[in-house]
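Working notes, structure below.
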Amino acid sequence: MDEKAENAEKKEPIWNHLQELLNRLKIILVSIILVSVFVMLIPSSFFPFFDDNNLNLTQNISNNETNNYLYDTFTSSLLKKIEKDILPDGVSLIAGSWTSLLEVYFLLSIAIAIVLCFPIIVYEIYKFLEPALYKRERNLFIKFFVASILLFIFGIALAYLLILPITFKILMFFVNMLGVLPLISIDNFVFLVVAMLLGTGFVFTSPVLLYFLIKTKILNYNSIASRRKYVYAALLIVIMILTPDPTIVTDVILIVPLIVLFEIALYIGKRGADF
């Protein structure tokens, strides 16, 4: 009986942790679904930053064509803006199939929702870990929360403003060199953009996670510092997977700031671990 009671006590916390994890994941999932539906349906006319974009795009569309749909949604207008900002001149998007258009629409809406719900994701992860943290470790949450959001936004901005345009210009160079038509299927384009933006955003939050793990003594500074070359190699592999650029230009642009952030996180984490 004593052994059964001890086993029950050991199993109960594990079940409680799993239940808590499922509850947190459920909140994250519901939030992403709700925001996805919102951006799928909300008219883009509610957002002033789409006005100039829509005016420029509709100049080439006849009045009969514009009456074929009800309105531009947040998702559809954002897709047009991404196409305008990132694709080089002369490149056109084509639909591989009718179903691919729906897949693209849903994928982009979910990606938008993940970006908008990122603060909720960070908060729910923290709430799951909170019972295992000491009071001094819980006091780090505000710094962890703010730094994670800022680095996530920085990663997305870097990919959107620099990495993606450079990548497509390099790919366009090979298109011109081979003499083929610059046509890209819309599903490949959106998948690449979403993977690059979200991947870069999440990768750039890794130094903050590293600092938090060292600060809370979950990871040992000396162990991580002595194996930093393996960490850099892993980051480089992830970056090479994310970027289709056949050259090393975009890889270097991404890996350099990541190494700097990683070293800063190690330095600050070491100072915090010493106290």
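Every read-out reported here was derived from the displayed coordinates using simple, explicitly stated rules and does not represent laboratory data. Being a predicted model, the structure only gives us computed values, none of them experimental. Note: ideal-geometry Cβ built from the backbone for every residue, glycine included; neighbour counts use all protein chains shown.
List of remarks:
- Signed unit charges on C-beta, dipole axis of the stretch 131-275, positive-most listed residue 219, 168, 235: 219
- Once both labels are positioned 7 Å from their Cα atoms along Cα-to-Cβ, the gap between residue 172 and residue 95 label points is 2.5 nm.
- Order of 115, 30 - criterion: other Cβ atoms within 10 Å of each residue's Cβ, fewest first: 30, 115
- Computed lengthening from residue 128 to residue 41, 0.36 nm per intervening residue step minus Cα-Cα distance: 28.1 nm
- Using a simple spin-label model with pseudo-atoms 7 Å out from Cα toward Cβ, residue 49 and residue 16 lie 4.4 nm apart.
- Fewest-first ranking of 251, 89, using other Cβ atoms within 10 Å as the exposure measure: 89, 251
- Count Lys and Arg as plus one, Asp and Glu as minus one, and take only other residues whose Cβ is under 12 Å from that of residue 124; the net charge is then +1.
- Remark: spin-label model distance residue 84-residue 227 equals 4.8 nm, labels positioned 7 Å along the Cα→Cβ axis.
- In plain terms, the residue of 227, 24 with the fewest other Cβ atoms within 10 Å comes first and the most crowded comes last, giving 227, 24.
- Close amide H partners of residue 185, meaning residues 5 or more places away or on another chain with modelled amide H under 5 Å apart, are 94.
- Flagged links, alpha-carbon separation over 24 Å, of 26/127; 135/229; 80/143: 135/229; 80/143
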